[in-house]
Every structure is written in structure tokens, then in C-alpha cells.
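The values are calculated or read from the model by the stated rules, or taken from the named source; none is laboratory data. In this text, all values refer to a predicted model and were calculated from it rather than measured experimentally. For neighbour counting, all protein chains shown are included, and Cβ atoms are generated from backbone atoms with ideal geometry for every residue, glycine included. For accessibility, only protein heavy atoms count, side chains too; no ligands or nucleic acids. Shrake-Rupley method; radii C 1.70, N 1.55, O 1.52, S 1.80 Å.
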Amino acid sequence: MDFREKKISEIEGQSWHRGNGGNDGLVKFEVLNTMLKIKTPKTQKAKRAIEKRAPKLEENAKKTLILHGTKTTNVLNAVLAQFCLLKMGLVVKYSKKNGNIRPFESGGETSLEFFSLKTDCSLFVFGSHSKKRPNNLILGRMYNHHIYDLVEVGVENFKPIESFKYEKKLAPRLGSKPFFAFIGEGFERVEELKHLKEVLLDHFRGEVVDNLNLTGIDRVYVCSAVSSTKVFFTHCSIRLRKSGSSIPRIELMEVGPSMDLLLRRHRLPNDAVKKEAMKTGPTQPKKIKNVNRDVVHGKLGKIYIPDQQVGGLVQSNNIKGLKRNAVRLR
């Protein structure tokens with residue numbers, strides 16, 4: 001049931017009072033029309049903005065929305081701040097407390113989906129703290145500004161970036177493409193760890209590119225499966241050393257942050273929504289008429305020129321190029 005059908009069912013289930021003249025049906029129709037009214041763009045700029053936010057076969061860089069719950073701790077605030085630092089440029093952070101956001105409960109995702117639509121963010125991180133679930137983080141993905149899937153983890157043994165000492169020139173550059181290293185058989189066998197792996201990849205991979213420069217790769221996220229419910233997450237810097245061959249030797253140096261993630265709850269996407277979200281574009285490019293590609297010459301094209309009918313053109317003898325200018329000798 002989509003949003004419009006849900007609203008219609010809610011309104012039809014309400015009790016209606018008879019209006020003036022007994023036009024209760026007219027009153028009901030006006031309320032339905034008001035609540036389900038769809039605003040169409042009136043300018044080309046607004047139309048381009050709506051098309052930019054619509055789902056695409058080739059996705060652009062995903063932005064992350066960071067939110068706080070009703071109650072948070074200093075550790076949780078530091079974790080959210082570090083997430084914001086690692087995703088600098090592709091993050092929107094709200095510092096206000098949100099008590100009405102409960103992603104795993106029915107009806108608790110309304111405000112979250114509204115913020116996603118407002119900020120055009122397809123990823124979110126929600127931090128909250130309670131006696132039952134201390135230092136709780138909920139990582140989620142959105143599709144068409146509706147919740148796609150959820151992973152809930154607890155944070156332990158957190159170490160911020162400031163606690164690691166290293167040379168500043170070895171610090172990863174802002175916006176660089178990271179590596180990922182998932183260590184442990186659990187990421188291939190345990191369903192919860194496989195789901196966490198997909199969500200972490202989506203959150204930290206950045207923009208999707210076709211080619212990479214080796215000198216521009218300067219960091220890696222290392223995730224080690226300690227057990228079926230515990231993952232050690234850390235951030236390391238990459239140093240390229242000489243190895244006597246064309247392939248350099250890689251050294252890792254921990255730069256932070258690092259933490260232990262305890263798996264709690266998770267929710268997989270619906271099969272119908274997953275099928276819709278996993279659509280891909282055509283694998284082969286569209287064939288262009290009269291254009292071929294060659295390994296040696298590259299792109300080749302045929303151009304058809306109609307008959308110019310030069311024989312039927314009127315020729316004139318009054319042509320400046322045929323005239324001889326008189327040369328005066330001095």
C-alpha cells in the first residue's frame with residue numbers, strides 16, 4: 001500500500017459529520033483532494049530540481065543524514081561527530097534532539113523520511129541511548145525517500161581521531177577514495193554480518209568512479225569479524241614503500257577512529273522494493289547509425305553527401321582571381 005492509498009483508507013475510516021445541506025460527500029471529497037494534492041513544477045528550474053532528486057539508474061554520490069535521539073551520551077556524540085568528519089562534503093548533520101523518530105517501529109519513520117526528502121539524503125545515521133540499548137547507532141538506507149533497510153549496532157571501546165599520534169603529512173586527504181578490508185569468514189556466512197557489510201560499503205564508499213590513481217589512494221577501512229555479533233572497525237592510513245618491483249609495498253598506520261560494533265537488530269528490504277531498487281541500465285551502449293569503432297582508428301563514421309550537380313552551375317568570367325593587375329615599372 002503506497003502513501004496515497006494509506007491516506008485514503010485512513011480518511012475513509014473516519015467519522016464524517018453532515019455539513020450544511022447534507023453535503024457530507026462533498027466535504028469528504030474536498031478534504032481528500034486537499035490532502036492528496038500533488039504540486040507540479042511551474043518553472044524549468046523547479047522541474048530540473050525535481051528530476052535531480054528522482055531515483056536514477058546511474059546513482060550520484062550519496063549524502064548521509066546524521067540525527068540525534070532524545071538522549072545521547074558523550075561517547076555517542078563523539079561517534080556522530082567523527083562520522084561527520086569522515087563523510088565531509090557528503091553529510092548533513094542535525095544537532096536538535098528528535099524524540100519522535102523510531103525507525104524500527106511502525107509510524108516512527110515519518111519524520112525521518114521527511115528529513116530525507118528535505119535534504120535529499122539517501123543514507124542516515126541515528127544515535128540514541130537507553131538503559132536497554134546503550135550507545136545505540138542505527139545505520140539505514142533510503143529508496144525514493146522511504147526506509148529501505150536498517151542495521152542497529154552498539155558502540156564499545158571507542159577511540160577518537162585525537163587519541164592517535166602520527167605525522168600530519170600522513171593524514172588521509174579530504175575526499176579521497178578509500179579501500180575496504182573485511183576480515184573473517186562471518187562476512188560471507190552470517191546473514192547479519194553480510195547485511196552490515198553492504199550498509200558500511202554504501203556509507204563510506206563515496207562517489208563511484210571508473211578509474212583510480214594509485215597515488216591518490218591513502219586510506220582503508222578495516223572491519224574484523226571477532227564473532228558473529230561483534231565487529232572491530234578502524235580507520236588506517238596507507239603508506240606506499242619501495243619493494244624493488246613495479247608494485248609498491250603497502251604499510252598501514254592506524255589514524256582513527258576505532259570502535260567495536262555489537263550487532264543488535266536489523267531489517268532486510270522488501271523483495272518487491274529490492275527488485276525495484278536493484279535495476280540497472282543497459283549493458284551495451286545504444287547503437288548510433290553509420291558509426292563504427294575500430295581498434296586502431298577509434299571512432300569511424302560515414303557521411304552521405306548528396307550530388308552537388310556542379311555541371312549545371314552557371315559559370316561567369318567576372319572572377320577577380322583571374323584578373324591581372326597592371327604592374328608599373330619605375
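Scan region 101-117 for residues that are modelled with pLDDT of 90 or more, open to solvent by 50 Å² or more (accessible area, probe 1.4 Å) and either in contact with a His (Cβ under 7 Å, 6 or more places away or on another chain) or under 16 Å from Ile66 (Cβ atoms) (or both) and the total you get is 1.
Selection of region 147-169 for residues being in a strand (DSSP E or B) and surrounded by 15 or more Cβ atoms within 10 Å (Cβ to Cβ) yields Ile147, Tyr148, Asp149, Leu150, Val151, Glu152, Val153, Gly154, Val155, Phe158, Lys159. For Ile138, are the conditions met, namely being free of Cβ contacts under 8 Å to residues at least 40 places away in the same chain and either among the small types (Gly, Ala, Ser) or not in a strand (DSSP E or B) (or both)? Criteria not met by Ile138.
Screening region 243-288 for residues that are in contact with a strand residue (DSSP E or B) (Cβ under 7 Å, 6 or more places away or on another chain) and basic (Lys, Arg) and picking the one that is modelled with the lowest pLDDT gives Arg249. Entry remark, region 163-196: residues being touching a residue at least 40 places away in the same chain (Cβ under 8 Å), on the phi < 0 side of the Ramachandran plot and not aromatic (Phe, Trp, Tyr) number 17 in total. Residues that are in contact (Cβ under 8 Å) with a residue 40 or more places away in the chain, open to solvent by 70 Å² or more (accessible area, probe 1.4 Å) and more than 21 Å from Phe83 (Cβ to Cβ) within region 240-273 comprise just one, Leu268.
If only residues of region 219-234 that are of a type in the set (A, V, I, L, M, F, W, C) and closer than 9 Å to Gly184 by Cα are counted, the one that is most open to solvent (accessible area, probe 1.4 Å) is Val226. Scanning region 56-84 for residues that are open to solvent by 80 Å² or more (accessible area, probe 1.4 Å) and of a type outside the set (Ser, Thr, Tyr) yields a total of 7.
Residues that are loosely packed, with under 14 Cβ neighbours inside 10 Å, on the phi < 0 side of the Ramachandran plot and in contact (Cβ under 8 Å) with a residue 60 or more places away in the chain occur at least once in region 197-211. Here is the figure for region 289-311: residues that are of a type in the set (A, V, I, L, M, F, W, C) and surrounded by 10 or more Cβ atoms within 10 Å (Cβ to Cβ) total 2.
Residues in region 75-85: is at least one in a loop (DSSP other than H, G, I, E, B) and under 28 Å from Arg102 (Cβ atoms)? The answer is no, given that none of the residues of region 75-85 is in a loop (DSSP other than H, G, I, E, B) and under 28 Å from Arg102 (Cβ atoms). Filtering Lys45, Lys87, Lys97 for residues that are charged (D, E, K, R) and under 21 Å from the mean Cα position of the chain (by Cα) leaves a single hit, Lys87. Go through region 86-134 and count every residue that is assigned to a strand (DSSP E or B) and among the charged types (D, E, K, R). Qualifying residue count, region 86-134: 3. Only residues that are open to solvent by 10 Å² or more (accessible area, probe 1.4 Å) and either small (Gly, Ala, Ser) or over 22 Å from Asn270 (Cβ atoms) (or both): list them for region 122-146, please. Hits for region 122-146 are Ser122, Ser128, His129, Ser130, Lys131, Lys132, Arg133, Pro134, Asn135.
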